[in-house]
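Nothing in this text is a laboratory measurement; each read-out follows from the coordinates by a stated rule. In this text, all values refer to a predicted model and were calculated from it rather than measured experimentally. Cβ: placed from backbone, ideal geometry, glycine included. Neighbour counts: every protein chain shown.
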Amino acid sequence: MAGRSVVVGVGHYLPERIVPNSEFEKTLDTTDEWIRTRSGIERRHFAAEGETTSDLATKAAEAALADADLSADDIDAIVVATSTADLTFPSAATMVQARLGMTKGFAFDVQAVCAGFVFALSNANALIVSGQAKRVLVIGAETFSRIMDWTDRSTCVLFGDGAGALVLEAQEGNGTSEDRGILATDLNSDGRYKDLLYVDGGVSTQSTGHLRMQGNQVFRHAVEKLTKTAETALERAGLGNSDVDWIVPHQANIRIIQGTAKKMGLPMENVVVTVQDHGNTSAASIPLALSVGKQRGQIKPGDLIVTEAIGGGLAWGAVVLRW
Ligand SMILES: CC(C)(COP(=O)(O)OP(=O)(O)OC[C@H]1O[C@@H](n2cnc3c(N)ncnc32)[C@H](O)[C@@H]1OP(=O)(O)O)[C@@H](O)C(=O)NCCC(=O)NCCS
C-alpha cells in the first residue's frame with residue numbers, strides 16, 4: 001500500500017477579453033505572421049481592469065471543486081502558484097481561501113515563475129503523502145499582462161492571463177506505476193541564470209518593474225532541461241518515454257514543445273497544446289492545459305501524463321501522474 005495524491009477535479013478560468021496577434025500590429029513593429037511562426041501563439045486573454053490574480057484563481061478553484069463534486073469545506077489546504085499575486089502580502093492563496101468561505105486549513109503561495117505549477121504540485125503531493133493534508137487545491141494563476149513592457153515587442157506578444165486548478169485527494173495505491181495519482185516528481189533550479197528572465201522591480205527595490213527576457217538564451221536551455229527532467233521523473237516512477245499517453249508541457253512556445261516531444265521520441269499526437277489560444281500564462285499554463293485537455297476528450301482516466309516546465313530562475317521540473 002502507498003499513499004497517493006489523486007486528481008479528483010480540474011477546472012480553469014480565462015478572462016473574457018481575447019486579444020489576437022493582429023492587435024499588436026497597430027502599436028508595434030511586429031506581425032501576426034512573426035508571432036505565429038516564432039512562438040505558435042495566435043491569441044491570448046487579458047484580465048479586465050481591476051480583475052486580479054486571486055479573482056481568476058477563485059473562479060478556477062470553483063470550477064475544479066464543482067468537477068470534483070466537493071465543497072470548500074472538504075479542502076484542507078490551498079497552494080497557489082503565482083508570480084503576480086494581488087498584493088505583496090498576504091498570499092493570493094489566503095485570498096482564495098477567504099473567497100471560497102474556508103476558515104479552516106491553511107493556504108500559501110509558491111513562486112517558481114513558469115515552473116510554479118510543477119513546484120506547487122510537488123509540494124502539495126508532499127503534504128498529502130506525509131499525512132498533513134487529505135485534500136489540496138493546487139492552483140496556477142497569473143496576470144502577466146500587469147508586468148509587460150508594451151514597447152518591448154520581444155516579450156509583450158508572448159504572455160497572457162488565466163488560471164487553472166486541480167483538486168488532489170489522498171488515496172491508497174498499491175505502490176506500483178499502475179496507481180492513479182502522482183507517481184514521481186523532479187525539481188531543479190540554477191540561480192546563476194537569473195539574468196535570462198526576470199522582472200526588473202520588486203518590493204525591495206520599491207518598484208513593480210517589467211518582465212525582461214533574453215528569449216533566445218532561454219530557448220537554448222529549454223529543450224535539453226525539459227527533456228532531462230521529464231525523463232528523470234519517469235525513471236523515478238519506474239516508467240519510460242513509451243509509457244506516456246500525454247505530455248502536458250508548459251505552454252511558452254510551440255517550437256520548445258515540439259523540440260521536447262521530438263527529443264523524447266514522442267509524436268505531437270501525444271502532446272496537449274493550448275499555446276495558440278492562451279499564450280504563455282506562466283504558472284497557469286499547465287493546469288489550463290490539463291483542464292482544456294480533459295474538456296477536449298484528450299485526457300482520460302488512467303492516462304499516464306508527464307508535465308514539464310521551465311522559467312525564470314532558471315527553475316524547472318516535471319511531475320509524472322496517472323489521471
Ligand atoms: C522569444 C522568441 C519567440 C524569439 O524567437 P527567436 O527566433 O529566438 O528570435 P530572436 O530573439 O533571436 O530574435 C530574432 C529577431 O526577431 C526580432 N523580434 C523579436 N520580437 C519580435 C516581434 N514580436 N516581431 C517581430 N520581430 C521580433 C528581434 O528583434 C530579432 O531581430 P534582429 O535579428 O534584427 O535583432 C524565442 O526566443 C523564444 O520563444 N524563447 C523562449 C522564450 C520562452 O519561452 N520564455 C518563457 C520561458 S517560461
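Per-structure values
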read-out: Extension gain, M148 back to V203 (0.36 nm per residue minus Cα-Cα distance, nm); value: 18.1 nm
read-out: Using a Förster distance of 25 Å, the FRET efficiency for D190-R99 (Cβ separation, nearest 0.05); value: 0.10
read-out: Neighbour-count order for S154, S122, fewest beta carbons within 10 angstrom listed first; value: S154, S122
read-out: Residue order, fewest to most surrounding Cβ atoms within 10 angstrom, among L239, L211; value: L239, L211
read-out: Likely footprinting exposure, E23, E142, fewest C-beta neighbours within 10 Å first; value: E23, E142
read-out: D (Stokes-Einstein, µm²/s), Kirkwood Cα radius, the chain, 0.890 mPa s at 25 °C; value: 127 µm²/s
read-out: Percent RCO, i.e. relative contact order, over region 1-120, from Cα pairs under 8 Å lying at least 6 residues apart; value: 25 percent
read-out: Mean projection area, nm², convex hull over Cα of region 181-322; value: 8.8 nm²
read-out: Relative contact order computed over the chain (Cα-Cα under 8 Å; 6+ residues apart), in percent; value: 26 percent
read-out: Antiparallel bridge percentage (DSSP; both residues within the chain; nearest 5); value: 75 percent
read-out: Label zone at K300 (point 7 Å along Cα-to-Cβ), backbone N below 20 Å, region 238-275; value: 242-248, 267-273
read-out: Centroid-to-centroid separation of region 86-118 and region 166-186 [C-alpha atoms, Å]; value: 23 Å
read-out: For the chain, the longest site-free run once trypsin sites (Lys or Arg not before Pro) in DSSP loop states with at most 11 other Cβ atoms within 10 Å are removed; value: 105-295
read-out: Count, lysine Cα pairs under 28 Å in the chain, 8 or more residues apart or across chains; value: 23
